Amino acid sequence: MTDQELDLEYNTERKQLIIPEYGRAVHKMVDYCVTLADREERNKCARSIISIMGNLFPQLRDVEDYRHKLWDHMFIMSEFQLDVDSPYPRPTQDILTSLPEKLSYPKGNIRYGHYGRVTQQFIEKALTLENPEHKEKMATQLFYLMKRSYKAWNRDHVEDEVVLGHLSELSKGGIILDPSKVSGGDGIPNTPYHPAGHGTFNKKKKWNNNNSSNNNKNFKHKNRNKNTNN
């Protein structure tokens, strides 16, 4: 029996699906709806197709403008040939070919890239503070932030005077901190390195755990001897 006798239809010979998520059956329904001559019948058929499309993705029914998207998808699957009364504005071919507006890239030179633009904005904000105490506190926090940012991009040791100089330079002399107030500080406790989530290494705790383990072994050994003697 030949393929012609079986009337087989291969996917490679079929029309390419415009929106594959809906499947070929829905695409055929849309194509059939386009061929209907009576407008009332087309409207009735279109509403039925929308209902079927909605049943395919029930989890998305709570999404805003979900039905609007279904109608747009149906017009797209018909290659904008379907002429029915839609409750929403009909889309045009331009929505598939038009390009989005080009986003403007933020411009502006950064003197020290490792500090980032946000740090520069913080510095500008600190310069607007009128309360000297608040200004000093914010400047101190800026010093810690800048030092951590410096360490993130440079593994070498960084001197406090270097960061303080950068802070003064970026603020154009508007922020000058006393080195004695931040000497040796970076806002991070001076603890040994440890993997995240495991806490600091505690030798005493480890020694206690070992003793506890040894005590359990001695206790089991004594009980075994006691049972043997009995």
Distance violations [Cα-Cα > 32 Å] among K102/K125; K102/K147; K15/K102; K44/K102; K15/K44
K102/K147; K15/K102; K44/K102
What is the Cα centroid distance between the range 127-152 and the range 94-126, reported in whole angstrom?
23
Please give the contour-minus-distance gain from F80 to E136: 0.36 nm per residue of separation, less the Cα-Cα distance, rounded to one decimal in nm.
13.7 nm
From the mean inverse distance of alpha carbon pairs (Kirkwood) and the Cα radius of gyration, derive Rg over Rh for the range 38-109.
1.17
Apply the a/c threshold of 1.5 to the C-alpha gyration tensor of the range 101-161 and tell me whether it is rounded, prolate or oblate.
oblate
Return the Rg/Rh value of the range 1-121, two decimal places, where both radii are evaluated on C-alpha atoms and Rh is the Kirkwood radius.
1.25
If I take R0 = 22 Å and measure r between the Cβ atoms of E9 and T35 in this structure, what FRET efficiency does the formula 1/(1 + (r/R0)^6) give, to the nearest 0.05?
0.70
Would you mind classifying the range 20-70 by shape? Square roots of the alpha carbon gyration tensor eigenvalues, ordered a ≥ b ≥ c; an a/c under 1.5 is rounded, otherwise it is prolate if a/b is larger than b/c and oblate if not.
oblate
In the neighbourhood of F57 defined by beta carbon distances under 15 Å, the net charge of the other residues (Lys, Arg +1; Asp, Glu -1) is -2
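Here, each number is a calculation from the coordinates, and none is a lab measurement. All values derive from a computational prediction rather than experimental measurement. Because the Cβ atoms are built from the backbone with ideal geometry, glycine has one as well, and the counts that use them run over all protein chains shown.
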